[in-house]
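Written out below as structure tokens is the structure these notes cover.
The values are calculated or read from the model by the stated rules, or taken from the named source; none is laboratory data. Predicted, not measured: the structure shown is a model, and the values here were computed from it. Every residue, glycine among them, receives a Cβ derived from its backbone with ideal geometry; neighbour counts consider all protein chains shown. All accessible areas refer to the heavy atoms of the entire protein, side chains included, with ligands and DNA or RNA removed. Shrake-Rupley method; radii C 1.70, N 1.55, O 1.52, S 1.80 Å.
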Amino acid sequence: MPSLKFTGFAAMLALAVTDAFVVSNVPPTPPAAIERVVPATADLTTGEMWASSLNSQMLLSGASANVAQGFGIIIDDIRYDGEVSRTEADEFVVIKNRSKETADISGWFIYPAGTGTQGNTFYFPAGSVLKPNQSARIYTNEIHKETGGYSWGSGKALWSNNGGLAVMKDNNGKKIMEYKYKPVVPAKA
């Protein structure tokens, strides 16, 4: 069986699937650091590892798991297939502060990256902070105060229902994380 090496968030998820493949050179992760275990699958032909979240799957390899050292802010999920017809205004991106410190994300930005280009960009306004373990949603074109009150204000869908890539950068333009997602294919009965 091949040995795969994952670091950071991917390493925490890889610990949950050691019966599927061997994980080597992964530093031990104390159980308290793992907030939840996400079921994961591995494609041993490509070395890719996928983990399912709310309604999407994220690729846990390369830059997709590159949470910048010391930040702990991650893209936790994308609801890419909204229920509002034509505009999919209810699509959203979930970001989460996995650190033990309050994080000032003023000036940080998120965008869908399609065909190597930067899509419609959302910038967090001044005074945007996430407390430890706090999540926030950024909607395509809805405002929900209970989840942060953030919205792109876009009159059209931003996230492809066929899969795609979200990129998050800090206020200096340093890439914090990429989140690659693909539709969940129902298991055959």
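Residues that are farther than 17 Å from GLU178 by Cα, at pLDDT 95 or above, of a type outside the set (S, T, N, Q) and surrounded by 14 or more Cβ atoms within 10 Å (Cβ to Cβ): does region 68-80 have at least one?
No, region 68-80 has no match at all.
Based on what the data block shows, is SER154 touching a Ser or Thr at 6+ places or on another chain (Cβ under 9 Å), open to solvent by 50 Å² or more (accessible area, probe 1.4 Å) and of a type in the set (Gly, Ala, Ser)?
So SER154 does not fit the description; no.
Right, ILE143: of a type outside the set (Asp, Glu) and in contact (Cβ under 8 Å) with a residue 60 or more places away in the chain or not?
Judged against the criteria, ILE143 is not a match.
Return the pairs, sorted by first residue and then second, in which the second residue is charged (D, E, K, R) and part of a strand (DSSP E or B), the first residue lies in region 173-189 and is touching a residue at least 24 places away in the same chain (Cβ under 8 Å) and open to solvent by 30 Å² or more (accessible area, probe 1.4 Å), the beta carbons are less than 7 Å apart, and the residues are 6+ apart or on different chains.
Once the first residue is touching a residue at least 24 places away in the same chain (Cβ under 8 Å) and open to solvent by 30 Å² or more (accessible area, probe 1.4 Å) and sits in region 173-189, its partners that are charged (D, E, K, R) and part of a strand (DSSP E or B) give LYS175/LYS169.
Out of the residues in region 82-128 that are of a type in the set (Asp, Glu) and open to solvent by less than 70 Å² (accessible area, probe 1.4 Å), which is nearest to the chain's Cα centre (by Cα)?
Checking each candidate, the answer is GLU91.
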